[in-house]
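The values are calculated or read from the model by the stated rules, or taken from the named source; none is laboratory data. Only a predicted model underlies this, so the values are computations on that prediction, with no experimental measurement involved. Virtual Cβ from ideal backbone geometry, glycine too; neighbours counted across all protein chains shown.
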Amino acid sequence: MSIFSNDFESRGAGIDLSAPRKKGIRLFFEIFFRKFWKLIEVNMLYFVFFIPVFLILASLAFIKNTAVSRVCAGISLILFVVCIGPATAGMTKVMRNFILEKHSFIVNDFFRAFRTNFKKASIVGFVDCLIILSVYASFIVYPMLVKQTGTMLMYIPMVITFSLAIVVAMMNYYIFLMMIATNLSFTSLVKNSFALAFVALKQNVISFIITAVTAVGMFFLYWNLSFRPLFLMLIPFVPAAFLNFTTCFISYPVIQKFVINPYYTSIGEVNPELIDDSPSEEKIFQDMGGKEKPIEKRRKSKGKRIS
């Protein structure tokens, strides 16, 4: 039945529940489009935690008293650094439910993960902010030192900083997922995410390329004044949730394979995430989706209508 036609009588064969589950990119787009509006909701919720960044900019730009502006900017910066990690854990929790095709109460799941992982996630968020600041500083400082000293050796610490940033970025694909999916200690989270940054290099490169392309695209929209309104329109609704969903979809099977499944194997059980949780008992009614014979549209009678 189509919402753009007046045909309310024809129907197809329905959805076959026993059909093989889609995998790979087909499954990705199936979940993505099915959860598209939910992803926008998650992005809007996550965007709230970037308000301190705008407060920092506003404080430095509009408060004339230098001391007051610095205090306001400092408080906003601390608030952002402390909360951005737990907010990322909350968003990751919702995305994991989407990927496992489990129902999610977005706000409830988001803030539950925010609270329960606050300490660990805050530390990760602080390190991430420190790495980003280091990359930005190295991009400015080391080229200036090269000009002043005339030696190319000053580019070596710059390359080391960028390399470290890439490794940390790849660790981020796993550390938040393991944080919300397991009870591992913080030390184990760091060790496992560091190992997976190299073990699953193929998946990590794909995630990194998608992240880099998205970041460059958003930066282009911001830098070009003609497209800046589009940037301002997209940033609260799309990019963060899209990137988190994509990296979680790519990375979580790696965590299942190398972390979660081995644990359940060691205790003689099967990972419940891999078990079909549909009821196994005999059903009174059987779903015939995909097996029903399509009903053809009835032909209209040529006789006169009796009023």
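Descriptive notes on the structure:
- All positions within the stretch 247-274 that are under 24 Å from THR88 (Cα atoms) and of a type in the set (A, V, I, L, M): ILE250, VAL254, ILE255, VAL259, ILE260
- Residue in the stretch 19-38 that is at pLDDT below 85, surrounded by 12 or more Cβ atoms within 10 Å (Cβ to Cβ) and out of contact with any Ser or Thr (no Cβ under 9 Å at 6 or more places or on another chain) present: yes
- Residue within the stretch 89-107 that is free of Cβ contacts under 8 Å to residues at least 40 places away in the same chain and over 30 Å from LEU27 (Cβ atoms) present: no
- Residues satisfying the stated conditions in the stretch 215-267, i.e. under 18 Å from LYS35 (Cβ atoms), among the β-branched types (Val, Ile, Thr) and at pLDDT below 95: VAL238
- Tabulated pairs, the stretch 112-126, first free of Cβ contacts under 8 Å to residues at least 40 places away in the same chain, second among the basic types (Lys, Arg), C-beta under 8 angstrom, 6+ apart or interchain: ARG112/LYS93
- The listed residues are ILE84, ILE123, and the only one of them that is more than 17 Å from LYS35 (Cα to Cα), hydrophobic (A, V, I, L, M, F, W, C), modelled with pLDDT of 95 or more and under 17 Å from the mean Cα position of the chain (by Cα) turns out to be ILE84.
- Residue in the stretch 268-275 that is modelled with pLDDT under 90 and β-branched (Val, Ile, Thr) present: yes
- Residues of the stretch 90-115 classified as of a type in the set (A, V, I, L, M), surrounded by fewer than 18 Cβ atoms within 10 Å (Cβ to Cβ) and under 22 Å from VAL254 (Cβ atoms), total: 1
- Inter-residue pairs, beta-carbon under 7 Å, first within 15 Å of GLY125 (Cα to Cα) and in contact (Cβ under 8 Å) with a residue 60 or more places away in the chain and in the stretch 153-178, second of a type in the set (Phe, Trp, Tyr) and assigned to a helix (DSSP H, G or I), 6+ apart: LEU177/TYR252
- Annotation for the stretch 214-226: at least one member residue is surrounded by fewer than 16 Cβ atoms within 10 Å (Cβ to Cβ), of a type in the set (Phe, Trp, Tyr) and under 21 Å from the mean Cα position of the chain (by Cα).
- Single residue of the stretch 54-80 satisfying the filter (at pLDDT below 80, assigned to a helix (DSSP H, G or I) and hydrophobic (A, V, I, L, M, F, W, C)) that is surrounded by the most Cβ atoms within 10 Å (Cβ to Cβ): LEU60
- Selection count where residues are free of Cβ contacts under 8 Å to residues at least 40 places away in the same chain and either outside any helix (DSSP H, G or I) or basic (Lys, Arg) (or both), scope the stretch 21-36: 5
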